[in-house]
Amino acid sequence: MREFTFSIDYEAGTDPVMDVFVDHPSLVARGLHSCVNDEDFWRIERFSGPTAALDAVERLYLDQDVRTESVTEADCRATEHHDILERSDGERAVYTYVERISGGKSVEMLAGQYLPRGSLLCSRRVEGRQEWRILMRSDEKVGLLYDALSANLRSGLTFHVGHLRDADRWRHDSLGTVSLDPDQRTALRAAARHGYYRAPSEITLEELSSKLDVPRSTLSYRLRRAEEQLVTEYLDGV
């Protein structure tokens, strides 16, 4: 099997769902997508983050007037079905089926057009970026997918290519997310962003707590709890 990775950056105001991620940096979504044919596809996304962000995403998905599937200039005309599979504090799981698509192009549609049937798409959304990883039986036409994405994105979207290589590390459930408290997730992301986990560390815990305006003891507790859950989740999957 082969895998192709890439990401798309969204400027603020170009996509209402991605705007929620921009406004709520602790919101994260992981998805599985698959094409039924060139016009139909399904996906399941698990969202983790603050309740306000989850409620905003849910409202957008259930609003029949909001169309966010297309990554090209033309809007997608389609019939969309959305179901909330799970609703809890800190998480939502949403199933989507899109059929009879015409007009614009989504990533799923382009993958269905150029890649072998049965290809599996995984995605991750955070802040203003959606990262994609595609598992496929053959990469014979992946160059056509690359051309379609890199040359035809609508204004405000930027394409970044990742890699094309043999697939590895697919033993874990791509929808499996660690259910971190939003404060823990914010602390962990800030620590990584400011180099706390680099060797040598680029920032002390005191300096990081000052940047976040959080007491040192509180920040230390949030990081330890987040690290404990991440390590436990990883070892359970090994």
Among S34, S26, which is over 20 Å from D75 (Cα atoms), outside any loop (DSSP other than H, G, I, E, B) and among the hydroxyl-bearing types (S, T, Y)? S34
Criterion: in the same structural domain as G31 (by TED's automatic domain parsing), at pLDDT 85 or above and touching a helix residue (DSSP H, G or I) at 6+ places or on another chain (Cβ under 9 Å) - qualifying residue of L212, L157, L145, L188: L145
Residues that are surrounded by 15 or more Cβ atoms within 10 Å (Cβ to Cβ) and of a type in the set (S, T, Y), drawn from region 180-216: T186, Y196, S209
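Based on this model, can you work out whether G162 counts as in the same structural domain as M18 (by TED's automatic domain parsing), modelled with pLDDT of 90 or more and at positive phi?
Considered against the rule, which asks whether it is in the same structural domain as M18 (by TED's automatic domain parsing), modelled with pLDDT of 90 or more and at positive phi, G162 comes out as no.
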Considering only region 116-143, how many residues are more than 17 Å from M18 (Cβ to Cβ) and assigned to a loop (DSSP other than H, G, I, E, B)? 9
Residues within region 144-153 that are exposed (fewer than 15 other Cβ atoms within 10 Å of the Cβ) and either under 18 Å from the mean Cα position of the chain (by Cα) or not in a helix (DSSP H, G or I) (or both), tallied: 0
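Let's see how each residue does on (1) surrounded by 20 or more Cβ atoms within 10 Å (Cβ to Cβ); (2) touching a His at 6+ places or on another chain (Cβ under 7 Å); (3) under 19 Å from L164 (Cβ atoms):
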position	(1), (2), (3)
H81	no, no, no
L85	no, no, no
V107	yes, no, yes
L135	no, no, yes
In region 39-58, which residue that is touching a helix residue (DSSP H, G or I) at 6+ places or on another chain (Cβ under 8 Å) and outside any strand (DSSP E or B) is farthest from R117 (Cα to Cα)? P50
So which of G195, G176 ends up being modelled with pLDDT under 85 and not assigned by TED's automatic domain parsing to the domain that holds G49? G176
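The values are calculated or read from the model by the stated rules, or taken from the named source; none is laboratory data. Note that the coordinates shown come from a computational prediction; the quantities given were computed from them, not determined experimentally. As a convention, Cβ positions derive from the backbone with ideal geometry for all residues, glycine included, and neighbour counts pool all protein chains shown.
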